[in-house]
Amino acid sequence: MKDPFFDRLLGTDDIDPGCEAGFAIMEQYAEAVLRGEDVALTYAGVLAHLRNCPDCREDTEGLLAALRDIEPPSDLG
Amino acid sequence: MLEMPGGDGESSAVNLADTESETWIRNLRSEGVDRERAVSRLHGFLVRVAAHEASRRRPTIPEAVHAELSDLSVQAASDAIMAITRKLDTFRGEARFTTWASKFAILELSTGLRRRIWRSRAVVSDDSIAERLADGTPSALDAMEGRELVAALTRAIETELTSHQRLVFRSAALEDVPIDVLAERTGSSRGAIYKTLHDARRRLRTSLMDQGYREGRTR
């Protein structure tokens with residue numbers, strides 16, 4: 001069933017680790033993306049999850065956007 | 001390198017590749033002024049992260065909620081600080097500390113925002129699935145095989161799923177109710193609801209394939 005509509009509706013993947021496992025390495029995935037790494041193989045499970053979980057996908061996009069735009073404090077005083 | 005207690009009670013090495021992350025961890029584990037200063041600085045940073053995310057989502061947020069975005073961002077940062085403090089020993093240094101911390105602010109903002117948006121909205125799941133599928137599908141589904149597939153899917157939803165799976169599938173997949181909202185309404189977690197959705201999707205897909213539907217829409 002390669003139809004996009006039904007894929008969105010019934011999409012599952014055996015390598016999808018689920019929300020908790022995906023969240024556990026979300027920061028590693030995000031930094032790999034920002035370094036320009038090819039994450040297709042190294043984070044295949046995360047990518048599978050993000051395809052099928054709209055909430056985690058939106059959050060990950062948010063983290064990436066924040067990392068691109070916000071400089072973290074470096075002076076720890 | 002810092003030493004952190006592992007889950008089995010033994011120490012495990014933590015690879016803190018950058019000194020800034022190491023300093024954050026050390027200060028947050030300390031007491032007194034150093035810790036207070038680190039918490040305050042981290043909170044300020046996480047407010048910016050949460051506010052950035054709120055701003056990014058603003059176009060999709062109902063106007064009635066816009067005035068609350070600032071408060072929601074501060075609340076998300078505060079909740080994130082609590083989560084980070086609780087989970088500090090799980091930080092393994094495989095990314096920058098500020099990246100690790102930021103994901104908690106995003107999660108808290110996101111969850112709070114979704115729940116706020118849906119606060120006054122009911123999660124309705126009625127039986128008009130066929131109409132909904134037909135309404136939302138590309139014109140190709142007007143073809144006879146498309147209608148047959150929709151009918152088969154509708155039957156499978158009724159016969160193959162448990163009542164809980166049916167509620168989750170209808171709400172999340174057909175109505176686009178956020179998983180976080182379903183988790184809140186059912187006293188569950190995002191992960192548990194997603195697992196239910198995943199199992200429901202697999203069961204429906206298997207059912208359709210057992211009926212002869214393969215790649216594409218035709219038998």
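Figures for the structure shown
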quantity	calculated
Additional length obtainable on full extension of the chain from A:Arg68 to A:Ala24, 0.36 nm per residue less Cα span	13.8 nm
Cα-projected label distance for B:Val39 with B:Gln211, points at 7 Å along beta-carbon direction, nm	5.7
Karplus 3J(HN,Hα) series, Hz, for the stretch B:109-122 with 6.51 cos²θ - 1.76 cosθ + 1.60 (x for Gly, Pro)	4, 4, 5, x, 5, 4, 5, 5, 4, 8, 4, 9, 10, 7
Long-range amide H partners of B:Val177 with built H, under 5 Å	B:Ala172
Under the Karplus curve 6.51 cos²θ - 1.76 cosθ + 1.60, θ = phi - 60°, whole-Hz ³J(HN,Hα) for the stretch B:174-188, x wherever Gly or Pro sits	9, 9, 6, 6, x, 4, 4, 5, 4, 4, 5, 5, 9, x, 10
R0 of 51 Å, Cβ-Cβ distance B:Ser55-B:Ser163: FRET efficiency to nearest 0.05	0.80
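Readers should treat all values here as calculations from the given coordinates under stated rules, not as data from a laboratory. Owing to the predicted nature of the structure, the values given are computational and were not obtained by experimental measurement. Don't worry about glycine lacking a Cβ; one is built from the backbone with ideal geometry, like all the others, and counts go over all protein chains shown.
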